[in-house]
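The next block holds one structure in the form of structure tokens; read it before the comments.
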Amino acid sequence: DAKTTQPTSMDCAEGRAANLPCNHSTISGNEYVYWYRQIHSQGPQYIIHGLKNNETNEMASLIITEDRKSSTLILPHATLRDTAVYYCIVTGSSNTGKLIFGQGTTLQVKP
Amino acid sequence: EAQVTQNPRYLITVTGKKLTVTCSQNMNHEYMSWYRQDPGLGLRQIYYSMNVEVTDKGDVPEGYKVSRKEKRNFPLILESPSPNQTSLYFCASTLTAGGPWEQYFGPGTRLTVT
């Protein structure tokens, strides 16, 4: 599975868009980009995933660059409840199902 | 409601006293796994199961056992707990290991071994 690099922490004003970057320059062709978040010490929560195309769901948007070496998770209107650690994970279809959680990005949404 | 449940949520025990943390999912998922989370070390996989009666070691299996007799349940067994197993434990499940499916996590079990 490809290694990912994320900023350690970010701040965002409530109501504004939060853009969380992730670098995965060694991603291979069959590997997906997943985003999870963990609020305080709760169980990690799936947000979104993608392969090549940009994806959007009710929680967020995922923008993947054309060369697939980086991506950005966008929370369009951040709220205080979005304060969490966000994990970018790259994993392929041949793996054992294990998710490799790095240190993630701590997003602090401020009033 | 689709969910993964764990019990107990909190447990304080003493060294050497066998314990079991239960995990159950209601989504008919084939794949289940256990993680532990420690400060500075992140989440690490302990054991996983591809399906009923199929289990394998993750990255940190020492001191743990698992079983998968039924599809919905995947208990984590600590036969002789030690203080270094004090941690926050999460169970997870997904449809199958190989597909691009989301994984569902339980709420966590905070274990303290004295």
Problem - Single unsatisfied condition, B:C91 versus (1) within 14 Å of chain A (Cβ to nearest Cβ); (2) surrounded by 16 or more Cβ atoms within 10 Å (Cβ to Cβ); (3) assigned to a loop (DSSP other than H, G, I, E, B) - result: (3)
Practice task
Please indicate, with yes or no, whether at least one residue in segment A:78-87 is in contact with a strand residue (DSSP E or B) (Cβ under 7 Å, 6 or more places away or on another chain) and within 12 Å of another protein chain (Cβ to nearest Cβ).
Solution key: yes
Practice task
Only one of these is out of contact with any helix residue (DSSP H, G or I) (no Cβ under 6 Å at 6 or more places or on another chain) and away from chain B (no Cβ under 13 Å): A:T96, A:T56, A:T91. Name it.
Solution key: A:T56
Completion exercise
Only unsatisfied item for B:T20, checking (1) modelled with pLDDT of 95 or more; (2) farther than 21 Å from B:A97 by Cα; (3) loosely packed, with under 13 Cβ neighbours inside 10 Å, is (3)
Practice task
Give the residue that is farthest from the chain's Cα centre (by Cα), with candidates limited to residues of segment B:28-56 that are buried (at least 17 other Cβ atoms within 10 Å of the Cβ) and more than 10 Å from chain A (Cβ to nearest Cβ).
Solution key: B:H29
Fill in the blank from the handout: For segment B:57-88, the count of residues that are more than 10 Å from every other protein chain (Cβ to nearest Cβ) and part of a loop (DSSP other than H, G, I, E, B) equals 18
Exercise for the section: Determine, yes or no, whether A:L80 is on the phi < 0 side of the Ramachandran plot and more than 13 Å from the chain's Cα centre (by Cα). Expected result: yes
Fill in the blank from the handout: Taking segment A:16-68 and keeping only residues that are loosely packed, with under 12 Cβ neighbours inside 10 Å and on the phi > 0 side of the Ramachandran plot, one is left with A:H40
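The values are calculated or read from the model by the stated rules, or taken from the named source; none is laboratory data. Computed from a predicted model, the values in this text were never measured in an experiment. Heads up, the Cβs are rebuilt from the backbone with ideal geometry, glycines too, and the neighbour counts pull from every protein chain shown.
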